[in-house]
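Working notes for the structure below.
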Amino acid sequence: MANKAKTHSGARKRFTLLKSGLIKCSRSGRRHLMTDKTAKRKRQLRGGGYVQKCDAVHLISIL
């Protein structure tokens, strides 16, 4: 009998698998140096994003 694969602990903290099958992630570029970014850029970085389908195939196997 094969062993179950362990969940990658780093991926578990960074990604959320939704019931729709999409993987939600947070956007990068909001940690520091925010004063140099325009208001438009900061506004567009708000909220989460979704992982592309080509990357989701690998992430689903480690989540």
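The values are calculated or read from the model by the stated rules, or taken from the named source; none is laboratory data. Quantities reported herein were computed from a predicted structural model and do not represent experimental measurements. FYI the Cβ positions are ideal-geometry reconstructions off the backbone, even for glycines, and counts take in every protein chain you see.
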If I filter the range 33-63 down to residues being small (Gly, Ala, Ser) and not in a helix (DSSP H, G or I), which single residue comes out as farthest from Ser20 (Cα to Cα)?
Gly47
Pairs with Cβ under 9 Å, 6+ apart, first in the range 1-19 and farther than 18 Å from Val51 by Cα, second polar (S, T, N, Q) and modelled with pLDDT of 90 or more:
Ala5/Ser61
Pairs under 6 Å by beta carbon, first residue farther than 12 Å from Arg46 by Cα in the range 22-35, partner among the small types (Gly, Ala, Ser) and surrounded by fewer than 11 Cβ atoms within 10 Å (Cβ to Cβ), six or more apart or different chains?
Lys24/Gly48
Go through the residues of the range 32-39 one by one and say whether even a single one is among the basic types (Lys, Arg) and modelled with pLDDT under 95.
no
For residues that are loosely packed, with under 10 Cβ neighbours inside 10 Å and of a type in the set (A, V, I, L, M), scanning just the range 19-50, find the one that is farthest from Ile62 (Cα to Cα).
Ala39
